[in-house]
């Protein structure tokens, strides 16, 4: 059985290598079954721009502070479109035209709950919601929690659209291993506690953008995941609740065509599922 499993993983690694070679992209993959029996690693510790995958540790820190009693998830937060650069503290604003959702902007001058902001940050990848939460929670505390969970390859320095920080190369980065570590902690009930992990997985399951890892799976399989997109970047990090549940992280860099990046992620997802479960 051990030899057979090793052969399956070796064949899968060759399939992924072929898909990556044909694409011309830089790719990192971590696959891990939750029973701990199978794992596949492709460039697991190579650093990539995190894009919106950094919203996963933001969510975990939000639930950690709620569990600690530091905040109430149903408390209301002022919605103000003004943020502070990590370079010099100067203020900047976000443009609704550059964001993935306009709903949070409609609340400017009013309030939303932490829970509502988290839902928007994850399910529609609202940058506005993410920046509000990062300023409320503290990037240093988000980083400390990621580190404590063993995800040291995830670096959360700042919110989104801090142009001064970007110009100085101060960007959020991640490795596939770090994201897999965070997703595994959620999947196994170790991110904060079992109840918080279940709620976080439920939020991730309501993700609106499903053209990557979910697109490579048969219909009806629950997937709790978070995508990340910027120019030449197409990521996805998922818990796949198949008959043998597993975590899959696919990080893609170097493709100008976002559709090609999504198709590559879906193809890798399909290869993993068919090899391990199908």
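Any chance you could count how many residues in segment 214-239 are under 26 Å from residue 257 (Cα atoms) and more than 12 Å from the chain's Cα centre (by Cα)? Please lay out each step first, then the result.
We begin by selecting, within segment 214-239, every residue under 26 Å from residue 257 (Cα atoms); these are 214-219, 223-239.
Restricting the remaining residues to those that are more than 12 Å from the chain's Cα centre (by Cα) gives 214-219, 223, 230-233.
Counting residues in segment 214-239 that are under 26 Å from residue 257 (Cα atoms) and more than 12 Å from the chain's Cα centre (by Cα) gives 11.
Residue 222 meets all of the listed conditions (1) out of contact with any strand residue (DSSP E or B) (no Cβ under 9 Å at 6 or more places or on another chain); (2) over 23 Å from residue 8 (Cβ atoms); (3) free of Cβ contacts under 8 Å to residues at least 40 places away in the same chain but one, namely (1). Enumerate the pairs (first residue in segment 67-84 and closer than 14 Å to residue 115 by Cα; second residue anywhere and at pLDDT 95 or above and assigned to a loop (DSSP other than H, G, I, E, B)) with beta-carbon separation below 9 Å, excluding pairs fewer than 6 apart on the same chain, so at least 6 apart or on different chains. Pairs found: 67/192; 67/193; 76/110; 78/109; 78/110; 79/108; 79/109; 79/110.
Just one of the numbered conditions (1) assigned to a loop (DSSP other than H, G, I, E, B); (2) free of Cβ contacts under 8 Å to residues at least 60 places away in the same chain is not true of residue 22: (1).
The residues in segment 142-189 that are part of a loop (DSSP other than H, G, I, E, B) and within 27 Å of residue 97 (Cα to Cα) can be counted, and the count is 12.
Considering every residue within segment 263-275, establish whether at least one is more than 17 Å from residue 33 (Cα to Cα) and surrounded by fewer than 16 Cβ atoms within 10 Å (Cβ to Cβ). Scanning segment 263-275 turns up no residue that is more than 17 Å from residue 33 (Cα to Cα) and surrounded by fewer than 16 Cβ atoms within 10 Å (Cβ to Cβ). Within segment 1-19, being over 14 Å from residue 264 (Cβ atoms) and either without any contact (Cβ under 8 Å) to a residue 24 or more places away in the chain or not in a helix (DSSP H, G or I) (or both) holds for 1, 2, 3, 4, 6, 7, 10, 14.
The values are calculated or read from the model by the stated rules, or taken from the named source; none is laboratory data. Just so we're clear, the structure is a prediction, and the values are computed from it rather than from any experiment. In this analysis, Cβ positions are derived from the backbone assuming ideal geometry, glycine residues included, and neighbour counts consider all displayed protein chains.
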